[in-house]
1. Within 16 Å of ligand 2 (Cβ to nearest atom) and either surrounded by 15 or more Cβ atoms within 10 Å (Cβ to Cβ) or part of a helix (DSSP H, G or I) (or both) - does that describe any residue in the range 182-194?
2. When you go through (1) in contact with a strand residue (DSSP E or B) (Cβ under 8 Å, 6 or more places away or on another chain); (2) buried (at least 16 other Cβ atoms within 10 Å of the Cβ); (3) without any contact (Cβ under 8 Å) to a residue 60 or more places away in the chain one by one for residue 30, which number turns out not to apply?
3. State yes or no: is residue 4 within 23 Å of residue 210 (Cα to Cα) and at pLDDT 95 or above?
4. Collect the residues in the range 144-154 that are touching a residue at least 40 places away in the same chain (Cβ under 8 Å) and away from ligand 4 (no atom under 16 Å from the Cβ), keeping them in residue-number order.
Ligand SMILES: C[S@@+](CC[C@H](N)C(=O)[O-])C[C@H]1O[C@@H](n2cnc3c(N)ncnc32)[C@H](O)[C@@H]1O
Ligand SMILES: Nc1nc2[nH]cc(C(=O)O)c2c(=O)[nH]1
Ligand code: SF4
Ligand SMILES: [Mg+2]
């Protein structure tokens with residue numbers, strides 16, 4: 001099958017337990033919880049998105065005819081830096097709309113360790129090396145196991161205590177960026193102080209002016 005990619009770039013992973021790590025980001029186009037159009041935001045299932053995932057027009061974006069073409073473009077972005085296994089983060093949009101077993105195999109064949117950032121409403125295929133799930137209030141999260149659960153906070157309608165029962169190695173809380181970011185940071189710190197299972201994660205790339 002072919003793959004619709006908004007953009008592809010080399011940066012540092014900004015968020016979560018792998019923050020600070022050199023990574024190729026592959027941002028898949030499209031999401032199942034929002035059209036990506038501002039006029040639809042107020043009625044979308046996910047209303048706080050900080051990302052443009054519409055179209056194929058970003059740097060390194062396009063329609064890739066098959067899995068090998070996409071994986072080798074990502075591998076070229078990594079370059080010849082040695083000493084660590086190349087690391088790719090597939091995000092979006094919602095990457096599990098498109099990430100299928102042939103693409104997972106192609107990333108591995110290209111030498112990558114594969115991380116995925118997903119909203120958890122689509123079951124993850126096997127073979128992902130690092131799975132981050134970020135639940136959205138009011139949605140049916142079917143993927144309740146993985147490596148890290150990244151809760152954007154505050155989200156009325158989500159009970160952090162209930163999420164502690166899900167099968168994740170790390171429980172992270174990330175302040176919601178937007179008009180109320182200061183209040184969101186305060187709320188995220190308060191959650192950690194109340195429930196020590198949770199650790200704070202900040203969006204380092206934004207503070208650093210990276211993508
Ligand atoms: C743009 S989403 C793409 C992956 C997937 N659709 C998801 O939601 O997990 C990447 C990450 O950014 C987080 N995110 C989106 N908007 C945010 C915001 N306004 N503040 C903080 N994190 C946000 C998401 O929760 C997710 O963890
Ligand atoms: N540097 C950087 N780190 C990130 N971690 C998760 C991101 C995402 O949008 O999925 C992201 C992103 O957009 N940029
Ligand atoms: S699910 Fe992810 S990509 Fe989709 S609108 Fe929400 S944050 Fe954005
Ligand atoms: Mg982002």
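The values are calculated or read from the model by the stated rules, or taken from the named source; none is laboratory data. Since we're looking at a predicted model, the values are computed, not measured. No Cβ is skipped: glycine too gets one built from the backbone with ideal geometry, and neighbour counts run over all protein chains shown.
1. no
2. (3)
3. For residue 4, the condition - within 23 Å of residue 210 (Cα to Cα) and at pLDDT 95 or above - is not met.
4. Once the filter is applied, which keeps residues that are touching a residue at least 40 places away in the same chain (Cβ under 8 Å) and away from ligand 4 (no atom under 16 Å from the Cβ), the range 144-154 yields only 147.
Okay, residues lined up against (1) surrounded by fewer than 22 Cβ atoms within 10 Å (Cβ to Cβ); (2) free of Cβ contacts under 8 Å to residues at least 60 places away in the same chain:
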| residue | (1), (2) |
| --- | --- |
| 121 | yes, no |
| 133 | no, yes |
| 138 | yes, no |
| 142 | yes, yes |
